[in-house]
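Data block below; observations after.
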């Protein structure tokens, strides 16, 4: 089990450590600065923290001494253009590019683009093939002004197989290291989009896409209008209708060893975005979505207005410890797969992301 | 040589002391500053080398007019002030 949790918030990065049975804040970094994404690279122990400074743009910080010191490194940036060129406004997700490629990193951004670094973040290259997709013109902002690449899944069996989730812009797969991409949203539909284009891949709002490391053909999506599951490597998706108490949400997590076990944090759908009946709950399936349990032990069951963002639910490598952080600065951890949750910090800034490592 | 002053809010993130720099345009002056402190560029300018949306540049108390090419004229002894647009939360 991982005894360290990194928590990215609107006002800094916090490092929680477990001592005996208790978690406590052991360190803070970048106090006052919004943190959009974190990564603890299991290949070499390097930590990365992405900042979204309100005035001064996106920044990327790296620590090679376990958080004792940090060095600013170049952030992904669009190439200079003679016409109306773009600027990266948010570093939305950051993932390692495979165990067999030390130092390689993928970064998804707003506006919706994908960047690759082959040198521990010292330099970044725009993935031109994704950027040049004709369908990209139909991508839309999902909670932000522009579309964003919010999820990146690298197949542990073959690092050249990459699946991304775009909000709003569908699921896309590459089998050749990003040299080419094809739509992988078959079976999804967008209730919010007028027919007949509501089945078009590029209008699907992928809040969060996760892939089971032990069974990479099994993927889950928390979509804007529900949950979808694929068991054939994103070739097709089936809508999950059994989830309760609601099908809307942002976050998703899948058990690292069991593709049939996944967690979501349902809320009242998009006009409201609050826990159903102001009771915070986690929905868990352990049978591949045939049924869901509504887990509430340890979670507030009255006047709870916590929203859990797409990167603010995380499961560790064992599959039994999860962390969940909310927009109202509450952080819960479970040691038993969600049966019971414990509030470990209650006065944090709004939480954008949590990661073990 | 123009005087270049940076908002205190920026000092929290990066070393940017008051300094003088040559140049006859805002861009020319800033390029001299960036040559000595390359990391500062991305705090002031966006990916396309335009002034960031929430950054303001004033010359002798007047807001510059060209935020894209930074072509506003600079005389010797002008003061160029870089600070953040006020917003919060």
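Read the figures in this text as sums done on the coordinates, not as results from a lab. Worth saying up front: this structure is predicted, and the values here are computed from it rather than measured. Cβ atoms come from the backbone with ideal geometry, glycine included; neighbour counts cover every protein chain shown.
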Would you mind telling me which numbered condition in (1) in contact with a helix residue (DSSP H, G or I) (Cβ under 8 Å, 6 or more places away or on another chain); (2) free of Cβ contacts under 8 Å to residues at least 24 places away in the same chain; (3) away from chain A (no Cβ under 11 Å) residue B:59 fails? (2)
Taking the stretch B:8-37 and the residues there that are surrounded by fewer than 20 Cβ atoms within 10 Å (Cβ to Cβ) and within 10 Å of another protein chain (Cβ to nearest Cβ), the one that is farthest from residue A:73 (Cα to Cα) would be B:9
Yes or no: the stretch A:271-293 includes at least one residue that is closer than 24 Å to residue A:94 by Cβ and in contact with a strand residue (DSSP E or B) (Cβ under 7 Å, 6 or more places away or on another chain). no
Test result for residue A:57, facing another protein chain (nearest Cβ under 9 Å), closer than 22 Å to residue B:39 by Cβ and in contact (Cβ under 8 Å) with a residue 24 or more places away in the chain: yes
Going through the stretch A:227-245 one residue at a time, which ones are surrounded by fewer than 20 Cβ atoms within 10 Å (Cβ to Cβ) and either part of a loop (DSSP other than H, G, I, E, B) or under 16 Å from the mean Cα position of the chain (by Cα) (or both)? A:231, A:232, A:233, A:235, A:236, A:241, A:242, A:244, A:245
Taking the stretch B:41-55 and the residues there that are out of contact with any strand residue (DSSP E or B) (no Cβ under 8 Å at 6 or more places or on another chain) and closer than 20 Å to residue A:60 by Cβ, the one that is farthest from the other protein chains (Cβ to nearest Cβ) would be B:41
Within the stretch A:31-54, restricting attention to residues that are touching a strand residue (DSSP E or B) at 6+ places or on another chain (Cβ under 7 Å) and within 12 Å of another protein chain (Cβ to nearest Cβ), which residue is surrounded by the most Cβ atoms within 10 Å (Cβ to Cβ)? A:51
Looking at A:108, A:112, A:143, can you tell me which residue is on the phi > 0 side of the Ramachandran plot and within 20 Å of the chain's Cα centre (by Cα)? A:143
Hey, any hits in the stretch A:256-269 for a residue that's under 25 Å from residue A:315 (Cβ atoms) and out of contact with any strand residue (DSSP E or B) (no Cβ under 9 Å at 6 or more places or on another chain)? yes
Report, by residue number, each residue of the stretch A:335-357 that is more than 20 Å from residue A:1 (Cα to Cα) and part of a loop (DSSP other than H, G, I, E, B). A:346, A:347, A:348, A:349, A:350
For the stretch B:71-80, check the following and say yes or no: at least one residue is over 19 Å from residue B:22 (Cα atoms) and either surrounded by fewer than 19 Cβ atoms within 10 Å (Cβ to Cβ) or over 12 Å from the mean Cα position of the chain (by Cα) (or both). no
Are any residues in the stretch A:6-20 without any contact (Cβ under 8 Å) to a residue 60 or more places away in the chain and either within 14 Å of another protein chain (Cβ to nearest Cβ) or touching a strand residue (DSSP E or B) at 6+ places or on another chain (Cβ under 9 Å) (or both), and if so, which ones? A:13, A:15, A:17, A:18, A:19
Taking the conditions exactly as written (without any contact (Cβ under 8 Å) to a residue 40 or more places away in the chain and farther than 17 Å from residue B:47 by Cα), does residue A:67 satisfy them or not? no
What is the residue count in the stretch B:69-89 for residues that are assigned to a loop (DSSP other than H, G, I, E, B) and more than 10 Å from every other protein chain (Cβ to nearest Cβ)? 9
If the requirement is being in a loop (DSSP other than H, G, I, E, B) and touching a strand residue (DSSP E or B) at 6+ places or on another chain (Cβ under 9 Å), which of these qualifies: A:317, A:253, A:304? A:317
Select from the stretch A:60-82 the residues that are within 13 Å of chain B (Cβ to nearest Cβ) and over 20 Å from the mean Cα position of the chain (by Cα) and list them in ascending order. A:70, A:71, A:72, A:73, A:74, A:77, A:78, A:79, A:80, A:81, A:82
Enumeration of residues in the stretch A:158-173 that are farther than 11 Å from residue A:206 by Cα and assigned to a strand (DSSP E or B): A:162, A:163, A:173
Looking at this structure, is residue A:85 within 13 Å of chain B (Cβ to nearest Cβ), assigned to a loop (DSSP other than H, G, I, E, B) and surrounded by fewer than 17 Cβ atoms within 10 Å (Cβ to Cβ)? yes
